[in-house]
Amino acid sequence: VVGDVGELERPVVLPNFQRLGPRCGKDMQQVVLALRARDGEEALRALHDHGVIAVSVATGDELDPTHTYALAENDVVVRREPREGLVLSARNGVTVAVDTTIDERLRREGLAREIVRVVQAARREAGVAVTDRIELRLAGSPDLLGAARAHERYVAEETLATAVAYDEAVAEGEPLAVDLAVAKAPPRAA
């Protein structure tokens, strides 16, 4: 929970095309690129402290190779965007931020889910009944198998595997290889 939504956003300073188009003419595209490359907070600080944002562009003229435009507050438009890795949604005065950064834990969980998807597809392709328990052997890169090991219980539960074995003879980047067999039913008590 944050008290100021500004902590979740960053300013982006863009040109006011109506005002700058006639003034900048053929330099307009370079002015746009210069503003986009500039840190929005730094540009707003310059505007606040000096009353203008100075933007220099190459003119291609040998006698005057650069031209500097002094952009006043009404020459720019300030838009606010979520900080990197965040998605924001606001309604009725409440703003919700979702961190979309994928850390190692989430990445491995995603790999485990993908492994389950591949195993389920292999089950269907092999004609294994939905309720049949299987013995599962996975071959893949160390990264894939590391995810399978870290989430072995989940993989086994979702695929009805009674046992999971691993072969690490596959190079990084190679697809997951799945070998499965219907598990033998335990002997019935007499």
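The values are calculated or read from the model by the stated rules, or taken from the named source; none is laboratory data. Quick caveat: nothing in here was measured; it's all calculated off a predicted structure. These area figures cover heavy atoms from the full protein model, side chains too; ligands, DNA and RNA do not enter into them. Shrake-Rupley method; radii C 1.70, N 1.55, O 1.52, S 1.80 Å.
A few points about this structure:
- Solvent-accessible heavy-atom area per residue, rounded to whole Å², over the chain at 1.4 Å: 67
- The calculated 222 nm mean residue ellipticity attributable to helices in the chain amounts to -11000 deg cm²/dmol, summing -39500 (n - 2.57) over DSSP H runs of n ≥ 4 and dividing by all residues.
- Protein-only accessible surface order, largest first, of Tyr69, Tyr154, Tyr166 at 1.4 Å: Tyr154, Tyr166, Tyr69
- Note that the chain, at 10 °C in a medium of 1.306 mPa s, gets a Stokes-Einstein diffusion coefficient of 71 µm²/s from its Kirkwood radius over C-alpha pairs.
- The 1.4 Å probe gives accessible areas that order His48, His67, largest first, as His48, His67.
- With θ taken as phi - 60° and the Karplus curve 6.51 cos²θ - 1.76 cosθ + 1.60 applied, the whole-hertz 3J(HN,Hα) list for the range 103-112 is 8, 4, 4, 5, 4, 5, 4, x, 5, 4 Hz, x standing for glycine and proline.
- Ranked order, Leu20, Leu111 - accessible area, probe 1.4 Å, largest first: Leu111, Leu20
- Relative to the current alpha-carbon distance between Thr131 and Ala163, full extension at 0.36 nm per residue lengthens the span by 10.0 nm.
- Phi-derived couplings, Karplus 6.51 cos²θ - 1.76 cosθ + 1.60 at θ = phi - 60°, listed residue by residue for the range 123-138: 4, 4, 4, 7, x, 6, 4, 4, 8, 5, 7, 10, 9, 10, 10, 10 Hz, with x used for Gly and Pro.
- Within the accessible surface of the range 1-139, defined with a 1.4 Å probe on protein heavy atoms only, the carbon and sulfur portion equals 51 percent.
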